1. Give A:G305, A:G322 a once-over and let me know the one that is surrounded by 22 or more Cβ atoms within 10 Å (Cβ to Cβ), in a loop (DSSP other than H, G, I, E, B) and modelled with pLDDT under 95.
2. Any residue at all in segment A:445-459 that is under 19 Å from A:V230 (Cβ atoms) and touching a Pro at 6+ places or on another chain (Cβ under 6 Å)?
3. Taking the options A:T107, A:T56, name whichever one is touching a strand residue (DSSP E or B) at 6+ places or on another chain (Cβ under 6 Å) and of a type in the set (V, I, T).
4. Within the bounds of segment B:73-93, is there any residue that is of a type in the set (S, T, N, Q) and under 22 Å from A:D273 (Cα atoms)?
5. Could you identify the single residue in A:Q344, A:Q330 that is within 12 Å of chain B (Cβ to nearest Cβ), touching a Leu at 6+ places or on another chain (Cβ under 9 Å) and either in contact (Cβ under 8 Å) with a residue 40 or more places away in the chain or within 20 Å of B:S97 (Cβ to Cβ) (or both)?
6. Taking the conditions exactly as written (surrounded by fewer than 20 Cβ atoms within 10 Å (Cβ to Cβ), under 30 Å from A:P328 (Cα atoms) and within 12 Å of chain A (Cβ to nearest Cβ)), does B:G72 satisfy them or not?
7. Could you check A:T145 against (1) within 30 Å of A:D411 (Cα to Cα); (2) at pLDDT 95 or above and say which number it fails?
8. If you take the residues of segment B:148-180 that are part of a loop (DSSP other than H, G, I, E, B) and free of Cβ contacts under 8 Å to residues at least 24 places away in the same chain, which of them is nearest to B:V123 (Cα to Cα)?
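The values are calculated or read from the model by the stated rules, or taken from the named source; none is laboratory data. Quick caveat, the model's predicted, so the values are computed rather than measured. For neighbour counting, all protein chains shown are included, and Cβ atoms are generated from backbone atoms with ideal geometry for every residue, glycine included.
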Amino acid sequence: MSEITVFKAKKIITLDPNRPLATHVAVRSGKILAVGGAGCADGWGKSTLNTELENTVLLPGFVEGHAHMMAGSVWKYAYAGFHDRIDPGGVLWRGMTNIDQVIAGLTAHQEKLSDDEPLLGWGFDPIFLSSERLNKHHLDAISTTRPVVVVYSNFHLMCVNSVALELAQFSRHSSAVGVVKGSDGEPTGELREMAAMFPIMRRVGLDFRDLSQKPDAMQSFGQVACRAGVTTVTDLYSSMTDADVSEMQRITGHKNFPVRLVPALNGMETPPDKIAARAIDLKSQSTDMLRLGAVKLMTDGSIQGWTARTKWPHYFGGQPNGIWITAPEQIFDLTKRLHAAGVQMHIHVNGDEASELAIDAIQAAMAENANPGLRHVLQHCQMMGVDQFRRCAELGICVNIFSNHIYYFGDQHAALTLGPDRAERMNACQSALDAGVHFTVHSDAPVTPLAPLFTAWCAVMRQTGSGKTLGEAQKITPMQALHAITLGAAYTLHLDHEVGSIEVGKCADFAVLGDDPLTVEPSAIKDVPVLGTVSGGRVFLV
Amino acid sequence: MTPPPLSVVVISGYLGAGKTTLINRLLGQAAGQKIMVMVNDFGAINIDADLLKSAEEDTLTLTNGCVCCTMGADLFLAMGDALDRQPRPDILVIEASGVAEPSKIAEAAKAEPDMRYGGIVTVVDALNFLRTEADMRIGAQLREQVIAADMLLISKSKNPDPALISRLEMLNTVAPLHVDAPLISALLLRQPRMPSARAAIHAEYVQWSFEGQKKMAFDDLKSKLDNPPDGAFRIKGFVNSDADTAWEVHLVGKTVDVRVCPPNPSTSLVAIGLKGIFHPENAENWWNSNGR
C-alpha cells in the first residue's frame, strides 16, 4: 500500500459543500483520501504529516478553461506592453506607459543578445498610448545594425527599424497596403496584417509554431500555470501531429511537470469529414496529465479589432459589422458532424451574432441527434445576455466568459467599440448565474495574463483599467467567482469528477495561497499571493 | 543560386462556387510549370491515377512536377514552407476559404521579395450568388471577394441572369468570363514572354510587346499602369529609369506590382489578353501617350 501524506494548512477552502472548510488533507497515490482535521486520515492507517504548507491557505487547484501554450514561450521575446506582467521565471516586468520607456526597455534587453541576433519584442499596445505612433526612428535609436521588431499585443501589427525594412526590401515603392508610409512617402516602420509582416518574420526567424508544442514551450507554460495556482490548463487551438502528441505525452508524464494539459484540436485545419475521427483517435491517446479529444472551432473575430459579428445596433462608431472566419453554413455543418460523433466542441464567439449562431447550430445538431451530455462550450461570450444564457442552459451548453476584458479593454469598449450601454452588460456573469448555465471565466493568455485570481477579481469588481466600475448589476460574489475558476471550469472540461474541489476521491491538486481570498477585501483578491501548487500530491512552490 | 520568385495566384469564391473544379483543371494544364496548390481539403482534389506519383498524409506529388498540399493551421507559415521548398515551385495557387478576404492573402505576394503577384481569381456561382449576397450575415464578405478580383469567373451557367452580370459590373470593372472559357489556365499560369523568346503564341491570345530605349520615372510609370489598355490581363517586363535603376513590372487584371531592380540593356514590356477583348493597337497608343 502507498504511503499516506497528511498536509497541514492554515486553512483549506474545499469548494465541497459537505465540508466547506478544513485544516488537513490526506493524500495517497496522488489522490485525496480524507479531508478534515489533524486526525482525518487516522482510520486509513499510518501517515506522515507534512507541515511545509502549514502557514498557507489551500484551495482546489485552479482550472484555466481558455489559454494558449504560447503564454509561456512568448517570453523568449522582450516584453514591451503597457501593463505590469510576470514572466514564467517570476520576474516582474513593469508596464511601459510611454514610448521612451519602451525604447529603454528594449535597449536594456539588447545587452543580452549576440551581435547577429535580431531584437524581437512583443505585447506593445498602441490603444493605450496617446502620443505619436511607434515608428522606425524610435527603433533606430536602439540599433542601426541589427533588425529590431516589435510585435503588437494583438499580433496583427508590428513596428520595425530601418535595418529590418531593408532586409525585406520595403521602400517608398512598395505597393503592399500593409506597408504604412509617412507624409514623406517612405515606410514609417509600421506594418499591418500578416501579408506585410510575413517578409520580416521570415527573415528574422519569427515563427509562431515554435511557441507551441515544443518542449521548452510546454515547460514554460507549466511554469506560468504553477505561478498562477493553476493545476489544469487548456491550450485552446492546437495543431497536433502524432509526433506532437507523443512529445506532449512524454513531457506531461514527467514527475516534474506541474500541470494537467487539456489541448483542443484546431477544427479549422482538418477536412470536415476527418475531424471527428481525428478527435476520437486523439481522445484514446489521453493520459492522466494530458486530456485530448475536444475540438476548437472559430466563428468571428474580436470586438476591439471590430471584427466580431455583432447584432443591431452593431458598432458604436458605425464601423461595418465584423467578419466570419468560418462561414455560417460551415459552422452548422461542422457542429452537426462533431455533435453526431460525440465530440465536445469549444466554439469561439465574441460578438452576440456569433454566439446566437453557435447556439442555433448546436440546437439544430441536437434536433437530429440528441447525444446528451457533451457539454459544448461557447468561448468568450462577451456580448451574451440572459436570453442567450437561458438557451444555453436549456440545451446543456456551457459558457466561458472573458472577464479579464473588463479590466483590459472595458474603457475602450465603452468609448469606442460598443458604447456605454452594451459595455456595462459585457461579460455578464450575474446573468449567467441567473440563467442557471454552467459557466467559468478566463484569461485567453497570452492575450491577457494567466492568473485566475485576477480573473475572479475582474468578475467580482468589474473595474476597468481607468478605475471605473463597468456594470454594477453584473458583479458576482467572491465565492461565486472562486467556484467559476475551479469547479465551474472543471465542468466545462468534463473533469469535475476529478478536479475542481478538495474532496475524497479527487486528484490532490491544490492552489497554495498566502492569504484567504474570501476574507480579504474583494478589491484585494487579485493581490492574494500565489505561492505555488500541489499537483497530484507533488508540491511545486515558486 | 537564388531561385526565381514564386508567382502567387489566389482562388477565391464562396462555398460550392467551383474553386476546386478550377484547381483540378489548372493542375491538368500545367504545361511544364511546376505548380504548387494549397487547398483546405484535398479530398476534393481529383487527380487522375496515372498523373499521381505519390500520396502522403498532407502532400500529393504529381508526375508533371506539380504538388498539392493542405494549408495546415496557418496559411502564411505554409507560404514560407512553399518558398523554402526544394526545388522552389514556379507558381503557388492558393485556394482561399469560402469567407476569406483574398486580398489579405495576395498582398503577401506584393510585400515579399521572393514572391510575385499572380492575381486574384474569384469564382462566382451563377445560380446562388445574388441570393447569398443578399444574406445580411455574409453578403459583405462575398462582395469583397468580387471587388478584389483580377479575374471574375462565372460557374454553373452558360447564360447567367443579366441581373447577376449587372450586379458584378457594379462591383468590379473586370469583365466576367465563363469558368470553362478557353485559355483561362494559360492566362493565369503562363508568364508572357517577349516574342523572340518563344514560338508562336496560341491563336486566341493576343499579345503586344515593346523593346527599346524608353526610360520612365516611377510616378509616370505607375500612373500609366494604373490605367492600363482595355482587356490586357497581364503586363510584364522591365522599364529602365536612370543609370542605376530600373522597374520590374507585373500587372495582373487591375493590380499593379512594381519593384526596383538593376537596369537592363533595354526596356522591354509585353502585354497579353484574350482575342476580341484585348487590342494591341490600344496598347501601342497607351504606351506612347504622354498623358497620365
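1. Residue meeting the stated conditions: A:G322.
2. no
3. A:T56
4. Checked segment B:73-93: no residue is of a type in the set (S, T, N, Q) and under 22 Å from A:D273 (Cα atoms).
5. Matching residue, one of A:Q344, A:Q330: A:Q330.
6. Here the answer is yes, as B:G72 does meet what is asked.
7. The one condition A:T145 does not meet is (1).
8. B:D180
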